1. Which order do peptides 39-45, 150-156 fall in by mean Cβ count within 10 Å, highest first?
2. Just the accessible area per residue of the chain, please: how many Å² with a 1.4 Å probe?
3. Hey, which of these cross-link pairs are over 22 Å Cα-Cα: Lys83/Lys128; Lys27/Lys83; Lys27/Lys59; Lys59/Lys83?
4. Using alpha carbon centroids, what distance separates segment 42-62 and segment 74-147, in Å?
5. Per the 1.4 Å probe, what fraction of the accessible area of segment 1-106, in percent, lies on carbon and sulfur atoms?
6. In debye to the nearest 20, how big a dipole does the chain give about its Cα centre with +1 on each Lys and Arg Cβ and -1 on each Asp and Glu Cβ?
7. Within 10 Å of each candidate Cβ there may be at most 16 other Cβ atoms; applying that plus a DSSP loop requirement, which trypsin sites (Lys or Arg not before Pro) in segment 94-137 survive?
8. Tell me the mean residue ellipticity at 222 nm calculated for the chain from its helices only (DSSP H runs of n ≥ 4, each -39500 (n - 2.57), averaged over every residue, nearest 500).
Amino acid sequence: DLAEMVEGLVGPRGVGTRIRELIAMKKDKYEMAFVVALDIVHAKFGHIDPEETAEQAVKTALAIMTGGITAAPIQGLAHVRVKQNFDKTRYLAVYFAGPIRSAGGTEQALTLVVADYVRRLLGLDSYKIIQSEVRRFLEELRLYEREVSRFQYHVSDEDIVYALQNLPIEATGTETDPIEVSSYRNLPRIETNRIRAGGLRVVNDGIVG
């Protein structure tokens with residue numbers, strides 16, 4: 001069942017029992033995702049540090065939302081990190097990889113909503129994007145469309161910029177394609193000059209689409 005699949009896929013140990021309780025209470029999968037994320041942050045399944053807590057909560061929530069049967073929670077969500085804004089405040093970054101495409105657009109978008117919920121529970125600040133990071137994202141997005149593949153939706157630059165400037169979580173990713181940007185390279189908070197298709201897809205198809 002769902003409870004067994006989620007616990008087996010991503011954990012934490014004991015979460016299956018909690019999921020069964022929530023199913024008995026007639027909670028839908030989206031409600032369950034948020035309740036379980038809250039339980040993980042409140043250490044109902046054991047104490048771990050804030051970064052590990054955030055990653056566990058987001059991965060388990062995504063596994064619940066996708067029914068415990070897709071690659072998204074394992075290969076699609078690479079990791080979650082606590083990083084630093086330029087004003088020294090701390091924020092949450094979610095690193096997506098290519099297989100996040102196996103989740104639907106709703107689940108992709110809600111992964112960032114869950115991450116924002118976890119961020120608030122952990123007392124972290126919002127991600128404060130800077131102009132060079134916005135331009136890098138746009139350069140990468142258009143390069144991916146030209147050189148690799150299309151997205152589900154073609155989204156305007158204006159809508160992408162609006163989303164990026166208002167997202168309280170950094171939607172980033174691991175490199176997925178051996179193609180490098182030429183203009184906005186070597187940015188301090190972006191670990192690669194190559195395309196990060198997972199993050200691009202979540203913002204383009206999940207958030208805006």
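The values are calculated or read from the model by the stated rules, or taken from the named source; none is laboratory data. Since this is a predicted model, take the numbers as computed values, not measurements. Every residue, glycine as well, gets a Cβ built from its backbone with ideal geometry; the counts of neighbours run over all protein chains shown. What goes into the accessible areas is simple: the full protein's heavy atoms, side chains included, and nothing from ligands, DNA or RNA. Shrake-Rupley method; radii C 1.70, N 1.55, O 1.52, S 1.80 Å.
1. The packing order, highest mean first, is 39-45, 150-156.
2. Ligands and nucleic acids excluded, the figure is 46 Å² per residue.
3. Over 22 Å Cα-Cα: Lys27/Lys83.
4. Here the answer is 17 Å between Cα centres.
5. 53
6. The dipole magnitude comes to about 220 debye.
7. Values: sites: Arg101, Arg119, Arg120, Lys128, Arg135, Arg136; in loops: Lys128.
The qualifying sites are Lys128.
8. Values: 8 runs with 96 residues, N = 209.
Mean residue ellipticity at 222 nm (helix-derived): -14500 deg cm²/dmol.
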